[in-house]
Amino acid sequence: MDWPILSLVTFLPLVGVVLIAFVPSDNPENARRVALWVSGGTFLVSLLIWFNFDRTTADMQFVEEAAWMPMAGISYRVGVDGISMLFVMLTTLLTPLCVLASWEAIKVRVKEYMIAFLILEVFMVGMFVALDLFLFYIFFEAVLIPMFIIIGVWGGPRRIYASFKMFLYTLLGSVLMLLAMMAMYFDAGTTDITKLLTHDFPAQLETWLWLAFFASFAIKVPMWPVHTWLPDAHVEAPTAGSVILAGVLLKFGGYGFLRFSLPMFPEASVMFTPLVYTLSIIAVIYTSLVALAQEDMKKLIAYSSVAHMGFVTIGAFTMTVQGIEGSIYQMLSHGVVSAALFLIVGVVYDREHSREIDHYGGLVERMPAYGIIFMLFMLASVGLPGTGGFVGEFLVLLGAFQANPWVAALASTGVILGAVYMLYLYRRIIFGKLTKEHLSKIKDMDKREIAVFAPLVIVTLWMGIYPSSFLDVMHVSVENLLKNVETALAAAGHANIAGR
Amino acid sequence: MTIDQIIPALPEVFVACMIMALLMLGVFQKGALAEQDVKSFRLISGLSVGVLGLTVLLVVMLADRQLMAFNNMFVVDGFATYAKVLVLVASAAAIVLSTGYLERHGVARFEYAILVVFATLGMMMMISANDLISLYMGLEMQSLSLYVIAAFQRDDQRSTEAGLKYFVLGALASGMLLYGASLVYGFAGTTNFTVLADLLKGGEPSVGLVVGIVFVVAGLALKVSAVPFQMWTPDVYEGAPTPVTAFFAVAPKIAALALFTRVMMEPFGDAAASWQQVIIFISAASMILGAVAAVAQKNIKRLMAYSSIGHVGYALIGLCVADETGVRGILVYLAIYLVMNVGAFACILCMKRGDRMVEQISDLSGMSKTHPFIAFALLVFMFSMAGVPPLAGFFAKLYIFWAAIEAGLVALAVIGVLTSVIGAFYYLRIVRVMYFEDTEDPLDAGISRELKLLIGVAAFIICFFFIQPNLILDPAAAAAKALLAG
């Protein structure tokens, strides 16, 4: 295709920003509509990527290149492969849903809110399609600005603390990555990610680079023990903010591991695999237990996110096809499922303005449709076969078993704990008799809310029933990634691992 | 001396002549009534901005080759052109910023604009100095005007106090600089930069010369307010009238940093090994102090003072590197620093309540609702100063750290990025106050057109710098090359 489809998808939301910002209107309804149309249009355009994507090659596709800062060899370079394309789709799918979910929940400063979301979409898509180190970094960090504003302006009572914590934590991680990127340029002489994928860094430098990138991605994922910003941010963010945070922003870390750490620093990755395994298993088990003790619905789901992300990092570092594909799949399904769970919390929060689990109970009597949708996503989060969550966890465990059975065994306990806290949450909110007086008039979901969930239901079931349509997209790219890693390791003498 | 020997100094000669003319005009315009004062003030301010604009043209016309004048005491090269353009723009912006404030406070006297232009003339001399003597001359011409400007609101105790403090510490700096210069002369036998550079080319500099260089560095560090010579900055920034602070924060800083760069790179460039450690210490200490001390500030002008100390620290990383990439980094940094600060101070000048200026950070609360445009612009400047992409401030830091990593000064770069995270905390605090907090006592609504225009232009540049970064990168690279070649 000749025309720049990736740039179009990336920057199309800016049209909405301009429209909302410069067309004077006192009616917040207009801002909502513009944001919905523009983000919906972006999703439709991004479908072109999905349909025109060549599933038989691991090369970057839809590549665009333009000179930018030639002095430092930095250029505007975008493209997608089987890994990043799926995340682009996830982002463009979730943004219009977020706009729709905020339709009634956001009543003040609607214009600014919609502008912030559209700008956020630009940065998120840009990050996934960037093929230049510095372009990647710019998008990666720029995301913090709108997110900071979204949490800080429209968030809950402790929003200031939460927004500062989120901003400073992630900034601290990413500035070290910036220095590492410069060091990479001076070693490799290029900032082109596709060229860097096969560049061999000197061993000692590679270790430092890996650590610098790890600092950034581990905070973003987030991995234990640097996960503490996430529950705060989730609890205080408005519903749609949590959705984007869990749905897309957390994927930056996992994507980063797969795009940078593994292929660019394979030896260091092998060296640090035990560390990643340890932290991930602690995340899986410890945060699952923490989730069990939560009284706040959002906090519970936030901790469950940390646990699920533990599977992602385990899968990525197994260096097996199943593990990596499982890790990507887990990210995608978590993107949909946790987004849906936060929306589910949002539904009752909009009605009752409480996230306390004890505030609710027996909702099934008044809200049957809500009960069904909640059940579906609760089970998807647990990893029930037939939902997207199952495929991801299964593949990760399969990969982990090949790499290290102990890791697989410990990680599987996370699946059980996940079932415990999710079923417990569901029982306390939905089941039982509706005895609480203040709930006696609560209304079931309206059409707008069902419209928000419908695409997510479809995607979750689709991912669970026919995973091939997603696995096919990533398969060639993942194999190519592993091939590169193995070549590099073989060259460095890690014969035992390369032989797998 | 024939006329074409003065050609390199043509812009300076032009400015000097225009100052005299404006002075005469002002004196004869001045009448008995206060209204007439304001009228002549406006006229002279407008004309001064025009003069500075014309000077930019003159400076640019002289660009692209190296010219010497006055027995090699005065040099014009790409570096000087670049720095002079920045200084002229900064001074013009400062005059525009000050008009509304001075009129409101009843100090609208035409001498203000003339003093600013006078200081600018001194800065241009500093930038073009190719001899320790002409350096000192330019520096003093600048400083004396600045002392007067600091105390311009002469009925105000804080303003006069600021002027006095600035004068005493400025004199101390001049003293140290002179002492250093005399040592350099004593041990090298010359004050000319070109001759000094030739002398140092071969062997190790003598101990006396190094001591001289260190004194010169100390004097210059005081002028750019780098740690450990920063102590005057917060007090002077806080005490001086706000538009004066806006002027101090930008033009003299740029001129002094350009001078600093030239002195270190040109005559003493080959002795880099002997002074590099000193600059590394100054740079690291400035970054750390600028970040840590600003956290506790409640007054926005003091906060800006510490922020500027931090920024000087970042810019000086480029000097630690002591090569072309480093100088390029400094120059890019200065250009972006100029825009950010002019914009931020323009926003601060909008902070008034019932026609009184307020300067506590908490006074900004709820600004995003009462002044959405100003609040958004200040948000942009704050994120940019924190170095968050895709805003211009990020690119400024990028080029500085780039140079540091290339030269292997990794520790310094790590200190730099860590302090920028601490810095982000206090910049974000301003955003927080504006956006996350409400107020019952909003700031005044009326904001003058000049301020809005300046804020708009600055915010636009900061936001969209990333689209065409080469507009600044290329001239900066050329200027750095010119300095290193000469």
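Every read-out reported here was derived from the displayed coordinates using simple, explicitly stated rules and does not represent laboratory data. Since the structure is predicted, the reported quantities are computational estimates derived from the model, not experimental observations. Reconstructed Cβ throughout: ideal geometry from the backbone, glycine too, with neighbour counts over all protein chains shown.
Worth a mention:
- J(HN,Hα) series, the range A:484-491, from Karplus relation 6.51 cos²θ - 1.76 cosθ + 1.60, nearest Hz, glycine and proline x: 4, 4, 5, 4, 5, 5, 4, 4
- Close amide H contacts of B:Lys352 (hydrogens built in the peptide plane, cut-off under 5 Å, sequence separation of 5 or more or a different chain): B:Val358, B:Asp444.
- For the protein assembly as shown, size of Cβ-based charge dipole, Lys and Arg +1, Asp and Glu -1, in debye: 1740 debye
- Dipole size of the range B:340-474 about its Cα centre, with +1 on Lys/Arg Cβ and -1 on Asp/Glu Cβ: approximately 100 debye, rounded to the nearest 20.
- Loop-exposed GluC sites (Glu not before Pro) per DSSP, neighbour cap 16 Cβ within 10 angstrom, longest uninterrupted part of chain B: B:1-436
- Reachable lysines from B:Lys39, criterion Cα separation under 27 angstrom, eight or more residues apart if same chain: B:Lys30, B:Lys352, B:Lys452
- A Cα-only calculation for the range B:232-363 places Rg and Dmax at 16.1, 57 Å.
- Loop sites in the range A:1-107: trypsin sites (Lys or Arg not before Pro), DSSP, at most 15 other Cβ within 10 Å: A:Arg55, A:Lys107
- Neighbour cut-off at most 16 other Cβ (10 Å), DSSP loop, trypsin sites (Lys or Arg not before Pro), the range A:399-459: A:Lys433, A:Lys436, A:Lys441, A:Lys443
- Near A:Thr57: Cβ cut-off under 14 Å, other residues only, Lys/Arg at +1 and Asp/Glu at -1. The net charge is -3.
- Around B:Leu220: net Lys/Arg minus Asp/Glu count, Cβ-Cβ under 13 Å: +3
- Overall form of chain A per C-alpha gyration tensor (a/c, 1.5; a/b vs b/c): oblate
- Candidates A:Leu176, A:Trp224, A:Met264 compared by Cα position along the dipole of the range A:170-281: farthest toward the positive end lies A:Trp224, with charges placed on Cβ.
- Sorting A:Leu211, A:Leu133, A:Leu341 by the number of Cβ atoms found within 10 Å of their own Cβ, with the fewest placed first, yields A:Leu211, A:Leu133, A:Leu341.
- Given chain A, longest segment not containing exposed loop GluC sites (Glu not before Pro) (DSSP; at most 16 other Cβ within 10 Å): A:296-500
- Axis of helix A:297-317 versus longest Cα principal axis of chain A: the two differ by about 20°, to the nearest ten degrees.
- Residue exposure sequence - A:Leu417, B:Leu259 - by fewest surrounding Cβ within 10 Å: A:Leu417, B:Leu259
- Charge-dipole axis of the range B:414-486 as Lys and Arg at +1 and Asp and Glu at -1 on Cβ define it, positive-most pick from B:Phe466, B:Tyr426, B:Leu484: B:Leu484
- Counting Lys and Arg as +1 and Asp and Glu as -1 over every other residue whose Cβ lies under 14 Å from the Cβ of B:Phe425, the net charge comes to +3.
- DSSP loop trypsin sites (Lys or Arg not before Pro) with at most 13 other Cβ within 10 Å excluded, longest remaining stretch of chain B: B:299-486
- Counting only Cβ charges, +1 for Lys and Arg and -1 for Asp and Glu, the dipole size of the range A:10-157 around its Cα centre is about 420 debye.
- With contacts taken as Cα pairs under 8 Å at a separation of at least 6 residues, chain A carries a relative contact order of 15 percent.
- Derived scalar couplings ³J(HN,Hα) [the range B:136-147; Karplus, 6.51 cos²θ - 1.76 cosθ + 1.60; whole Hz; x for Gly, Pro]: 5, 4, x, 4, 6, 4, 5, 4, 4, 5, 5, 4
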